[in-house]
1. Please go through the residue pairs K44/K122; K6/K44; K44/K87 and name each one whose alpha carbons sit more than 27 Å apart in this structure.
2. Using 0.36 nm times the number of residues separating T75 and K44, minus their current alpha carbon distance, what extension gain do you get?
3. Under a point spin-label approximation (7 Å from Cα along Cα-to-Cβ), what is the D17-F97 distance to one decimal in nm?
4. What does the extension gain come out to for T57 and M1, with contour length at 0.36 nm per residue minus their alpha carbon separation?
5. Taking all protein chains as present, what is the carbon and sulfur share of the accessible area of segment 2-127, in % to the nearest whole number, probe 1.4 Å?
6. Per residue, how much accessible area does segment 2-127 have with a 1.4 Å probe, in Å²?
7. Given a cut-off of under 8 Å on Cα pairs at least six residues apart, what relative contact order in percent is computed for segment 41-107?
8. If r is the Cβ-Cβ distance from D108 to Q88 and R0 is 22 Å, what FRET efficiency results, to the nearest 0.05?
Amino acid sequence: MMIDLKQLFEIVGESIDIDCCLSLSEVKLGMTNPFTEPVHLSGKITNRAGIVTLNYTASAAAHHVCDRCLAPINTPVVFGFEHILVKQVNDDSNDDFIVVPNLVLDLDELASSDIILELPSKVLCKEDCKGLCPTCGVNLNEQSCNCTQKRIDPRLEILSKLLEN
Ligand SMILES: [Zn+2]
Ligand SMILES: [Zn+2]
């Protein structure tokens, strides 16, 4: 969504409501696409005393897979963002300002990068997820396997040989 901000920058007290959907189905997180359904954006851009501020929330149903056991995790996410929009910056030391050179804001581009930065790089189904057995692949949260018993610590192996004799 492209938002024309020319009038907003000129008139103090003016505001523009945001209520739209953004498709992020192309975004990948590891092996999954977390946003198969559109992300809903709602908020406001206001000119308060000459300072133009964008305030919005992004809400969506996010689909992840557990980093250890690959179980699907579906959680609703809500992120809130605030940016100050400026026509130009005098020194580019402040990253909080979003420069809108021709006074047309590409909200989709801005929201996409905002949301992607908020996404966790790794998601676990639970804090103490036991993961999958690297040998037989069973989900160790649901069942145990005998693989670990066969993998004996080499130091213990010597001990067990001694005990056999
Ligand atoms: Zn897990
Ligand atoms: Zn196993």
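The values are calculated or read from the model by the stated rules, or taken from the named source; none is laboratory data. This one's a predicted model, so the numbers in the text were calculated from it and none came from an experiment. Quick reminder, even Gly has a Cβ in these numbers, built from the backbone with ideal geometry, and neighbours come from all protein chains shown. Heads up: the accessible areas ignore ligands, DNA and RNA and are worked out on the full protein's heavy atoms, side chains in. Shrake-Rupley method; radii C 1.70, N 1.55, O 1.52, S 1.80 Å.
1. Working: K44/K122 31 Å; K6/K44 15 Å; K44/K87 18 Å.
Listed pairs above 27 Å: K44/K122.
2. On the way: separation 31, 0.36 × 31 = 11.16 nm, distance 2.54 nm.
Fully extending the segment from T75 to K44 adds 8.6 nm.
3. Distance between label points: 3.1 nm.
4. Details: separation 56, 0.36 × 56 = 20.16 nm, distance 1.51 nm.
Gain on extension, T57 to M1, equals 18.6 nm.
5. On the way: 3820 of 7490 Å².
That share works out to 51 percent.
6. Values: 7490 Å² over 126 residues.
Using a 1.4 Å probe on heavy atoms only, each residue of segment 2-127 averages 59 Å².
7. 25 percent
8. Details: r = 22 Å, r/R0 = 1.01.
The value I calculate is 0.50.
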